[in-house]
Amino acid sequence: MLRLCPHREWLVAVSGSLALVCWSLEALRRLHPPANAHLMRLFSRIAHHEETHRVNSSTWYLTALVGLSLFAPLRSAELGVVVLGLGDPAAGFIGRRIGRIKIRKNRSLEGTLGFFAVGMVAAMALLLVFHPSSLPSMLAVAAVSSAAGALIELATVRFDDNFTIPVTVALAATAFERLCPIV
């Protein structure tokens, strides 16, 4: 959406509409248990079992997209999306396969480092393709973005990381770009 919508207003409208649909389905799920059972069966391949009785990750992700579309610079929003989209699944995959050093429940050092590495590559690729600048500048922004994502993924307990990661990455990228003269 960040690349396809012609203007920010379109981005806000599309992400806001999708988030409204998701929050409406969340309300329906709470008010009508058979609807919840049907939706959980329908999305069983992508929904986590624990989402049966809590707000699902997709709703939180779309809520984050609305916030990013309203407030974040385009480049920072894009970084938040790609770091989440590639770093978070990498952390889970690596952590489940080779994670031995536990940092906290369901989080390992190996998964966190995997998040950082994959998030860094994803952020760097995005910057190279869509926002080229000096190599040191792009490396610094990619590192800060990926580190912010990895750390908030590790620290997120109460909220869903599909909300906290893109928002934190966008905030970190924006702050870093404004504070550092090399960017």
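Numbers at a glance
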| quantity | calculated |
| --- | --- |
| Selection within segment 74-124 - of a type in the set (V, I, T) and in a strand (DSSP E or B) | I103 |
| Residue that is modelled with pLDDT under 95, among the charged types (D, E, K, R) and over 23 Å from A64 (Cα atoms), where the choices are R97, R104 | R104 |
| So L79, is it in the same structural domain as F163 (by TED's automatic domain parsing), within 13 Å of G149 (Cβ to Cβ) and either buried (at least 20 other Cβ atoms within 10 Å of the Cβ) or at pLDDT 95 or above (or both) | yes |
| Test: residue in segment 147-157 that is part of a helix (DSSP H, G or I), on the phi < 0 side of the Ramachandran plot, over 13 Å from the mean Cα position of the chain (by Cα) and of a type in the set (V, I, T) | no |
| Among the residues listed as L84, L65, the single one being assigned by TED's automatic domain parsing to the domain that holds A13 and either closer than 16 Å to I165 by Cα or modelled with pLDDT of 95 or more (or both) | L65 |
| Close pairs (6 angstrom Cβ cut-off, 6 or more residues apart or separate chains): charged (D, E, K, R) in segment 61-78, part of a helix (DSSP H, G or I) anywhere | E78/L126 |
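The values are calculated or read from the model by the stated rules, or taken from the named source; none is laboratory data. This structure is a prediction, so every number in the text was calculated from the model and none was measured. Note that we place each Cβ from the backbone using ideal geometry, even for glycine, and neighbour counts take in every protein chain shown.
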